[in-house]
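**Student:** This structure is in structure tokens; I'll ask about it shortly.
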Amino acid sequence: MTIHSDWVKILKRANAGAFSSRCPSQPYVAFVDGQIKLMCGSHIKTWAQFFNTQIVATIDQAFATGAEVIVMGFDDYTFVPAAKNMTQQKRMRTMPSLSFNEQDELPASMPENWSDYIRIRAFKAKVIAFVARNMRRHYASEYLRTVVIDWTGPPEIIGKPIVLPALFGSGEALKRGECDIKAFAWLALGPTLLISTDGDFVPLALVQIEKQAVAHPVYIHRMLCRTAGPGKRKADGSQRREFEFVDLQQLLVFVRSEFPQAPLPARTFATMVALTGCDFSMTLPGAGPAKIWQQRRWASKHDITEFSCLLAFVAHMYSSLFGKHINTANLGLDSPELGAIVRVYDQLSASVKRSLGIAERTKSSFWDGGRMQAHVRNSLWTLAYWTDTHAFPDPLSGKHGFEKRGNLVAFEGC
């Protein structure tokens, strides 16, 4: 899953010192997003090359930071939220029809159209099993350091024994599906490095550091966030892949300063992130991160992690955005009553669609009240997922803005 890239740009412009080319201090544990490592370039031709380049080299680089424990995480599809299927369906629309099921074995040689095959869950699961088998073999004689496979069931320890985080001995039924949310169980071990290019790790980590009251350093190693100008290019003119380390504790200090009145600033920030679109919510029409961020003072004074306040926040943001073209004087934006807030947004939506001063494209894409209410619920479910991780609510239980259509889950109001 991912978020709008402008959110990290906003953070970096205000906190350039939190972003560096080297890890600021030595981590004890490094969590590797193994799902990302399943994607590889066309220069990788053999299974042995795939394993050594994508897995062994990644683990060796993580050990080079000084980490003593490397956790390689993979998705457990049994527990991936049902709402994830919207993203999967969107990705599958653009790929050719390929046949591979759970009974099939991996081919003797890697498929040439790897990027198409690796989108198929059955094929991906076989590749993960191949990786796990070879990790057990490759690190079987390791005794000074620890490698952990976090895939299905309890984590599997290879090499030097360690005591697992207390979460795994709690006896609690853990719905640990997506690799993203698995990472934060390992914060309990000590200074942590998260290795992933997925943007959602930033709000997720901020929420989890706040929730778990983590005091030790937590870093992310991710793709370089460019706030201005083109990046470096290779000799052939293509963009060079560059990476950086992000100090999440430093970012959390900044987020707290921006939401001084919010009881849980990271959750407030994460709500704004989810509102602009991710795997579990659609892109908000006509308003991206920059316009949402401009309203952070209002968000700091109201609990936007609650449905009526978040809907009021959206209405307040749009009234500010379109104030030149519609009459917002009598909308009653500060009413605490849900019914009044619903009516306010309905009035605002109708005014936007009638306005002669707003572009036709903007008016046609603007959501009615039902879709916006569902979107707000989608965003709050995402926040619950980022907060509760393995104990997330069923997206189809209660009012979360999702609905079942045949065998698929869809956004309400679309």
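**Student:** Taking 0.36 nm per residue of sequence separation and subtracting the Cα-Cα distance, how much length would be gained by fully extending the chain between T78 and E337, in nm to one decimal?
**Tutor:** The span from T78 to E337 would gain 89.2 nm if fully extended.
**Student:** Let me ask another. Quick check on the chain: helices-only [θ] at 222 nm, where DSSP H runs of length 4 and up contribute -39,500 (n - 2.57) each and the sum goes over total residues. Nearest 500, please.
**Tutor:** -11500 deg cm²/dmol
**Student:** Over region 102-241, with a single point scatterer placed on each C-alpha, what log10 of the ratio I(q)/I(0) does the Debye formula yield at q = 0.09, 0.13, 0.17 1/Å?
**Tutor:** Per q value, in the given order, log10 I(q)/I(0) is -0.41, -0.84, -1.23.
**Student:** Right, here's the next one. In whole angstrom, how long is each semi-axis of the equivalent ellipsoid of region 270-321, when you take the square root of 5 times every eigenvalue of its Cα gyration tensor and sort them from largest down?
**Tutor:** 16, 13, 10
**Student:** Rounded, prolate or oblate for region 158-279? Axes are the square roots of the Cα gyration tensor eigenvalues, ordered a ≥ b ≥ c, and the cut-off for rounded is a/c under 1.5.
**Tutor:** oblate
**Student:** Take the Cβ-Cβ distance between Q261 and S25 as r, set R0 to 30 Å, and report the resulting FRET efficiency rounded to the nearest 0.05.
**Tutor:** The pair Q261/S25 has a calculated efficiency of 0.40.
**Student:** Using the Cα centre of region 1-157 as the reference point, and only Cβ charges (+1 on K/R, -1 on D/E), how large is the resulting charge dipole? Debye, rounded to the nearest 20.
**Tutor:** That gives a dipole near 520 debye.
**Student:** Starting from the Cα of E360, step 7 Å along the direction of its Cβ; do the same at R226; then give the gap between the two resulting points in nm.
**Tutor:** Placing both labels 7 Å along Cα→Cβ, they lie 3.6 nm apart.
**Student:** Same structure, new question: Rounded if a/c is under 1.5, else prolate if a/b is larger than b/c, else oblate: which is region 362-412, with a ≥ b ≥ c the root eigenvalues of its Cα gyration tensor?
**Tutor:** Taking the square roots of the gyration eigenvalues as a ≥ b ≥ c, region 362-412 is oblate.
**Student:** If you don't mind, another one. Say the cut-off is 18 Å between C-alpha atoms; which of K37/K211; K182/K211; K84/K175; K126/K160 go over it?
**Tutor:** Long pairs (Cα-Cα over 18 Å): K37/K211; K126/K160.
**Student:** To continue, here is another question. Restricting to the chain, compute how many DSSP beta bridges are antiparallel as a %, nearest 5.
**Tutor:** Close to 50 percent.
**Student:** Right, next: Write out the GluC sites (Glu not before Pro) in region 138-226 meeting two conditions: DSSP loop, and at most 15 other Cβ atoms within 10 Å of their Cβ.
**Tutor:** Sparse-neighbourhood loop GluC sites (Glu not before Pro): E142, E172.
**Student:** How far apart, in nanometres, would the label points at E242 and K324 be if each is projected 7 angstrom from Cα along the Cα-to-Cβ direction?
**Tutor:** In this crude label model, E242 to K324 measures out at 3.5 nm.
**Student:** Now, a different point. What is the angle, in °, between the Cα long axis of helix 265-275 and the longest principal axis of the Cα atoms in the chain? Nearest 10 is fine, range 0 to 90.
**Tutor:** Around 80 degrees separate the two axes.
**Student:** Between Q212 and A14, what's the calculated FRET efficiency when r is the beta-carbon distance and R0 is 22 Å? Round to 0.05.
**Tutor:** 0.35
**Student:** Mind giving me the FRET efficiency for L144 and V253? R0 is 35 Å, r the Cβ-Cβ distance, nearest 0.05 is fine.
**Tutor:** In this case the efficiency is close to 0.50.
**Student:** Add +1 for every Lys or Arg and -1 for every Asp or Glu among the other residues with Cβ under 12 Å from the Cβ of N101, and state the total.
**Tutor:** Around N101, the surrounding residues sum to -1.
**Student:** Can you tell me how much longer the chain between N113 and T53 gets when fully stretched, taken as 0.36 nm per residue apart minus their C-alpha distance, in nm with one decimal?
**Tutor:** 19.8 nm
**Student:** Per residue, how big is the convex hull of region 48-169 when only Cα atoms are used? Give it in Å³.
**Tutor:** Given the Cα convex hull of region 48-169, per-residue volume reads 143 Å³.
**Student:** Evaluate the distance, in nm, between pseudo-label points positioned 7 Å from the Cα of R405 and of K45 along their respective Cα→Cβ axes.
**Tutor:** The answer from the label model is 4.5 nm.
**Student:** Based only on other Cβ atoms within 10 Å, what is the fewest-to-most ordering of W114, W386?
**Tutor:** If I rank by nearby Cβ atoms, fewest first, I get W114, W386.
**Student:** Quickly rank 304-313, 5-14 as a protection proxy: mean count of other C-beta atoms within 10 Å, highest first.
**Tutor:** Per-residue Cβ counts within 10 Å, averaged per peptide and sorted highest first, yield 304-313, 5-14.
**Student:** A follow-up question, please. For the chain, find the longest principal axis of its Cα atoms and tell me its angle to the long axis of helix 369-388, 0 to 90°, nearest 10.
**Tutor:** Tilt relative to the chain: about 40 degrees.
**Student:** Order of M39, M110, M317 from fewest to most other C-beta atoms within 10 Å?
**Tutor:** Final ranking by Cβ density, sparse to dense: M39, M110, M317.
**Student:** Same structure again: Counting just the Cα atoms, what span does the chain cover along each of its three principal axes? Round to the nearest Å and put the largest first.
**Tutor:** 72, 54, 48
**Student:** So for M223, M272, fewest C-beta neighbours within 10 Å to most, what's the order?
**Tutor:** Least to most surrounded, the residues fall as M223, M272.
Rule-based calculations on the coordinates, nothing more; no lab input. Note that the structure is a prediction, hence the values are computed from the model and not measured. Note that we place each Cβ from the backbone using ideal geometry, even for glycine, and neighbour counts take in every protein chain shown.
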